[in-house]
Amino acid sequence: MSRLRLRSADIPSLEQTLVVCALIGAAQMTWGVVVPVLPLFADSYGIGVALLGVVLAAFGVGRILGNLPAGILVGRLPARTVVRVSALGLAAVTASTALAHDAVWLIVLRTATGVLGGATVTACFAVLLRGAPADARGRVVSLATVVQLSAADLGSLLGGAVLQLLGAGLVFPVAAVPLLLVLLWDLARPAGAYWARPVASAPEPVRDARDAAGAPGPARGRSAPGALVVGLIAVTFALFVARFAGEQGLIPVLAYGPGGLDPLGLGAALAAGTAASLIVLPLVGRWLDSGARAVPVLASAALAALGLIGVASTSEWWFAASVVAVSIGSSILGIVPGVVTAERFPPERVGVMVGVTRTAGDAGAALGPAVVFLVADVLDPGAGVLLLGALLLVAAVPFAVLLARPRRLSPGRGSVGA
C-alpha cells in the first residue's frame, strides 16, 4: 500500500491554520448571531412557541443532512471549491432570512442554513485534520476548538448588540459578514497547504508509532476499523447529548432551582467554564501531541461526569464549580476524536469519517434533550444529569480501552513533511 502524505512545500503555516479555523468559527457565528433575535423575529409573524420549536429543529435537521455529503465531496472534489460554495451559500441564505415573511419560509431558510452550515464546518474540519502536521494534530484541533468556543460567545454578543442598536431585520445580514471577511482573507492569502490534495509517495517502513501516527510511543497494532468507527460515533454522540441536554438544558433548569443561581450567576458560571476551557485546551493539545490518547479520554469524561453529578448540589459555589468542570471536561473530550480520526484513517477517508461523526453528534443533539428531559420529568432533574454522566462514561471507557490496545499501524496513514 502506498504511503500518502503532503509535499514539504505544502506544510501549513500558522496563518493558513488560522484561516481554516476562522472559517469554522465564522460559520458558527452565522447561527450564533441570530440566536437572540429568532424568538422576536418569529413572534413578529405570529409564530407561537410550538412552531418556533419546529423552526429551531429545522436547523438541526439541516445539519444532519449536510454533514455526510460534505465529507464525501471534500474527498472527491477540490476542497477549496467545496468550502467556497457551501460558505457563500451559507452567507447568502443567512442574510436572506431577514426577508422571510411567514413560518414556512422561515423553516425552509433555517433548514437550508443548517445544511450549508453543517457542510461548511464538516468540510473545514476534514481539510484541517488531513492537512495538519502529524506531530501537531492535537494543537491544531485544540486551536480550532478554541476558535469555535470564542466564535459562539462572540456571535451571541454581536447578535444582541445589533438587535439592540439596529433592530431585528439587520441581524441576519450582519451575521453573514464575518464569514465573507474570512473568505476574502483566504482569497488574498490562501490556505494552500490545506486545500492541496495529499499525494502518493513510495512506501516507507513503519518503525514506530511516531513515524506512523506523529507521536512518540511503542509500536502499536492496527485496531479493528469497525470497533474504532463505533467508538468514535459513540463518544461524539454522547458528547453532543451532554452538551445540548446538559449544558444548554438541565444545567440552566437546575441553576434556577437547587443551584440557587440567578441569570447573572449562571451566565458568570458558563463564562468561567468557557474561559477555563480556552486556557486548558492548548495545553491539552500539546499533551495529545506527546502521544497521550486513552488517559485524556478517561480523565475528561470523568471530569465532565463528576461535574454533572455536582450540578445536583444545593451549594451555589459548588454548582458553579461543577459547571466549569463540565465545560472543561467536554471541551477536552471533544478534541480527541478528531486527532484519532486524522492519525488512524487515510486522508481520502478523513472527510467521510468527519461527516459520519458529526452526523452522529447532531443526531445526539436532536434526540438527547427529548429523552433526558423525559427522564427528568418522570423522575427528577437530578436523575437526568446522572443519566448524562453515565452516558459519557459508557461511551468513553470502551473507547479509551480501544485506544490503549496494542496495535501495528498500517503504512497507509502518512505524516506531513518530506
For the stretch 66-124, name all the residues that are among the basic types (Lys, Arg) and modelled with pLDDT of 90 or more. Arg80, Arg84
Can you name every residue in the stretch 157-203 that is part of a loop (DSSP other than H, G, I, E, B) and either modelled with pLDDT under 80 or more than 15 Å from Leu23 (Cα to Cα) (or both)? Leu166, Gly167, Ala196, Arg197, Pro198, Ala202, Pro203
Can you spot a residue in the stretch 213-223 that is crowded, with 23+ Cβ neighbours inside 10 Å and either within 30 Å of Glu316 (Cβ to Cβ) or at pLDDT below 75 (or both)? yes
Quick check on the stretch 58-96: of everything there that is of a type outside the set (A, V, I, L, M), free of Cβ contacts under 8 Å to residues at least 60 places away in the same chain and over 25 Å from Pro347 (Cβ atoms), which residue is least open to solvent (accessible area, probe 1.4 Å)? Gly62
Do the conditions hold for Thr122, that is, is it in contact with a Ser or Thr (Cβ under 7 Å, 6 or more places away or on another chain), part of a helix (DSSP H, G or I) and hydroxyl-bearing (Ser, Thr, Tyr)? no
I'd like the full set of residues that are part of a helix (DSSP H, G or I) and out of contact with any Leu (no Cβ under 6 Å at 6 or more places or on another chain), limited to the stretch 298-315. Leu298, Ala299, Ala302, Leu303, Leu306, Gly307, Ile309, Gly310
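Is it fair to say Gly267 is among the small types (Gly, Ala, Ser) and not in a helix (DSSP H, G or I)?
It is false that Gly267 is among the small types (Gly, Ala, Ser) and not in a helix (DSSP H, G or I).
Could you pull out the residue among Val235, Val241, Val229, Val206 that is modelled with pLDDT of 70 or more and more than 22 Å from Gln148 (Cα to Cα)?
Val229
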Return a yes/no flag: does the stretch 260-273 have any residue that is on the phi < 0 side of the Ramachandran plot and at pLDDT 85 or above. yes
Starting from residues that are of a type in the set (S, T, N, Q) and open to solvent by 10 Å² or more (accessible area, probe 1.4 Å), keep the ones in the stretch 300-324 and report whichever is nearest to the chain's Cα centre (by Cα). Ser313
All but one of (1) in contact (Cβ under 8 Å) with a residue 40 or more places away in the chain; (2) of a type in the set (Gly, Ala, Ser); (3) farther than 28 Å from Ala144 by Cα hold for Ala360; which doesn't? (3)
Any chance the stretch 284-297 includes a residue that's of a type in the set (Val, Ile, Thr) and not in a helix (DSSP H, G or I)? no
Can we say Ala400 is modelled with pLDDT of 85 or more, touching a Lys or Arg at 6+ places or on another chain (Cβ under 9 Å) and open to solvent by less than 10 Å² (accessible area, probe 1.4 Å)? yes
Matching entry among Leu239, Leu283, Leu298, Leu266 (being touching a residue at least 12 places away in the same chain (Cβ under 8 Å), more than 17 Å from Val340 (Cβ to Cβ) and in the same structural domain as Val350 (by the TED database)): Leu266
Every residue from the stretch 252-281 that is under 20 Å from the mean Cα position of the chain (by Cα) and open to solvent by less than 60 Å² (accessible area, probe 1.4 Å): Ala271, Ala272, Gly273, Thr274, Ala275, Ala276, Ser277, Leu278, Val280, Leu281
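The values are calculated or read from the model by the stated rules, or taken from the named source; none is laboratory data. Please read all numbers here as calculations on a predicted model, not as lab measurements. Every residue, glycine among them, receives a Cβ derived from its backbone with ideal geometry; neighbour counts consider all protein chains shown. The area values use the complete protein model at the heavy-atom level, side chains included, leaving out ligands, DNA and RNA. Shrake-Rupley method; radii C 1.70, N 1.55, O 1.52, S 1.80 Å.
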